[in-house]
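Here you go, one structure.
Taken together, the values in this text are just the output of simple stated rules run on the coordinates, not laboratory data. Note that the structure is predicted; figures quoted are calculated from it, not measured. No Cβ is skipped: glycine too gets one built from the backbone with ideal geometry, and neighbour counts run over all protein chains shown.
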Amino acid sequence: MAPLLKVQDISACVKKNGKTYKILNNINFTIEEGEILGLAGESGCGKSITALSVSGLLPQAVKISSGDIVYNGQSLVSLPEKEMRSIRGSQISIVFQDVRQALNPLIKIGSQITETLELGGSKDKEKNKNDVLELLSTIGFNNPLKIYNAYPHQLSGGMCQRVMTVIAIIRKPKLLLGDEPSSSLDEESQQKCLSLLTEMNREHKTSLLIISHDLSIIRKICSRYLIMYAGRIVEEGPSDSLFSPLHPYTNALINSIPHKDKRGKNLENITGKVPSIEDQLIGCPFAPRCPRAKDICKESFPSNYYHNQEGIKNKKVYCYFPLNGETNE
C-alpha cells in the first residue's frame with residue numbers, strides 16, 4: 001500500500017539580495033496512514049519550512065525548486081491553490097509555531113473555530129458551538145465558554161497554542177502537521193495536548209508529523225524520527241533507537257540535553273555555529289562543527305545510507321564516519 005504522504009527529493013529556495021539560495025536540500029520521507037513521525041533539529045534547520053511545503057503555505061519568497069509531494073496519490077506541488085484549499089483543513093491541517101500571527105486578533109476565539117466547521121459544511125450553529133466547547137474543555141480549559149468569547153489578545157501564548165490545536169483537529173484531518181504543538185505549554189497542558197493528538201491517532205488513524213526540539217517527546221509518542229540539520233535530513237530510524245545515535249550531530253543534540261545526572265556539571269555544547277544560507281556548503285553541512293569530519297565530508301554529501309546498527313531495522317544515516325566506527329564510503 002502506498003504511503004499517505006510521500007515527500008520526494010524536495011528542494012526549496014529563497015531569494016536574498018538578488019541571489020537564490022537553497023534552504024531545503026533533497027528532502028525525502030514518507031508517512032504511512034496512522035503513523036506518527038517526529039522531526040527534530042536546531043532552530044533554523046528547515047523543520048517549519050518542510051511542514052509549510054507539505055501544507056502549501058510557504059512564504060511568498062520561498063519556492064519549491066525541485067521534487068514532489070504526493071498526498072494520498074495526488075501531487076500537491078503543481079496543484080492549483082483553489083484545489084489545495086479544499087484539501088487544507090479538511091484533510092491536511094497544521095498547528096503553526098507562531099500562533100499569535102495565525103489567529104485573527106479582531107475575531108473572537110469561538111467564531112474562528114466554528115468558521116473552520118462551517119467551511120467544512122457544518123451549518124448547525126448550536127451543534128458547532130457545543131462541539132467547540134467540548135474540545136476546548138478536553139484540551140484543558142476549565143472555563144471553555146470564557147475562552148469561546150475571548151479575543152486572542154486576552155489569552156496567553158500557551159492558551160493560543162491550545163486554541164490553534166483545536167482549530168487544526170476539529171475537522172478530523174487525515175494528516176496533521178504539528179509545528180512545536182506543545183512548546184509554549186506548561187507540563188500539565190502539554191500532556192493534555194499530546195494526549196489529544198495521540199487519541200486522534202488511535203481513534204481516527206490520523207497521521208501526525210510532530211516537529212519538536214524535545215527529543216523525549218519524539219521518542220515517547222512517535223514511531224519513527226528524522227533529524228534535520230541545515231536543510232538536510234542526516235539521520236532517521238525507529239524512535240526507540242533515537243538515543244542510540246549514529247550521526248555525530250544527533251549525538252551532540254542528545255549530549256546537550258539537561259539531565260539530573262548532570263547536575264552541577266557544565267552542559268556540553270556544539271562548537272561552532274549553524275551555517276547561514278549564504279554558505280551553501282557542498283558537502284555535509286555539519287562538517288565544519290564535526291570532530292569526526294575529514295576532507296571527503298566537505299567535498300560531497302553522502303549519497304548512501306549506513307543502516308546496520310546491531311540488528312535495528314530501518315536505521316539510516318547520511319554520514320561517511322558514523323559513530324560505530326565503520327565508514328559509509
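Under the classification rounded if a/c is under 1.5, otherwise prolate if a/b is larger than b/c and oblate if not, where does region 1-149 fall, given a ≥ b ≥ c as square roots of the Cα gyration tensor eigenvalues?
Prolate.
Further question on the same structure: By the gyration tensor of its Cα atoms, with a ≥ b ≥ c the square roots of the eigenvalues, what is the shape of region 117-179: rounded for a/c under 1.5, prolate for a/b over b/c, or oblate?
Note, shape of region 117-179 comes out oblate.
Roughly how tilted is helix 157-169, in degrees to the nearest 10 and between 0 and 90, from the longest Cα axis of the chain?
It is inclined by approximately 80 degrees.
Taking K and R as +1 and D and E as -1, what net charge do the other residues with C-beta under 9 Å from the C-beta of ILE227 add up to?
Net charge in that neighbourhood comes out at -2.
While we're on this one: Could you tell me the relative contact order of the chain? Use alpha-carbon pairs under 8 Å, at least six residues apart, and round to a whole percent. Display every interim value, and only then the final one.
Numbers: 598 pairs, mean separation 62.9, N = 329.
Taking the mean separation of contacting Cα pairs over the length of the chain, I get 19 percent.
Further, regarding this structure: What is the local net charge at GLU180, summed over the other residues whose Cβ is closer than 11 Å to its Cβ (Lys, Arg +1; Asp, Glu -1)?
-2
What is the fewest-to-most order of MET164, MET159 by other Cβ atoms lying within 10 Å of their Cβ? Don't skip to the end; give the middle numbers.
Details: MET164 26, MET159 21.
Fewest to most other Cβ atoms nearby, the residues stand as MET159, MET164.
Which one, ILE147, ALA252, ILE233, projects farthest toward the positive side of the charge dipole computed for the chain from Cβ point charges (K/R +1, D/E -1)?
ILE147
Placing unit charges on C-beta atoms (Lys and Arg positive, Asp and Glu negative, everything else neutral), compute the dipole magnitude of the chain about its Cα centre in debye, rounded to 20.
Magnitude of the dipole: close to 480 debye.
Still on this structure, please answer the following. As a footprinting exposure proxy, order ARG289, ARG232, ARG263 by other Cβ within 10 Å, with the fewest listed first. Working shown, then result.
Working: ARG289 18, ARG232 21, ARG263 7.
Ordered from fewest to most neighbouring Cβ atoms within 10 Å, ARG289, ARG232, ARG263 come out as ARG263, ARG289, ARG232.
Now a separate question. Based on alpha-carbon centroids, what's the gap between region 163-208 and region 231-305 in Å, whole number please?
So the separation of the two Cα centres works out to 29 Å.
List the lysines whose alpha-carbon lies under 19 Å from that of LYS316, not counting same-chain residues fewer than 8 positions away?
Hits, sequence-local ones excluded: LYS6, LYS47.
Under 21 Å from the Cα of LYS125, which lysines turn up, not counting those fewer than eight places away in the same chain?
Result set, ordered by chain and number: LYS108, LYS146, LYS172.
Of all DSSP beta bridges located in the chain, what percent are antiparallel, nearest 5?
The antiparallel fraction comes to roughly 60 percent.
Given axes a ≥ b ≥ c from the Cα gyration tensor, I'd like to know whether region 157-298 is rounded (a/c under 1.5), prolate (a/b larger than b/c) or oblate.
prolate
A further question follows. Which order do GLU180, GLU187 fall in if you start with the one that has the fewest other Cβ atoms within 10 Å?
Listed from fewest to most nearby Cβ atoms, that is GLU187, GLU180.
Just one of (i) 65, 46, 39; (ii) 65, 38, 37; (iii) 65, 51, 44 is Cα extents along the principal axes in Å as worked out from the coordinates here. Which one is it?
Of the labelled values, this structure produces (iii).
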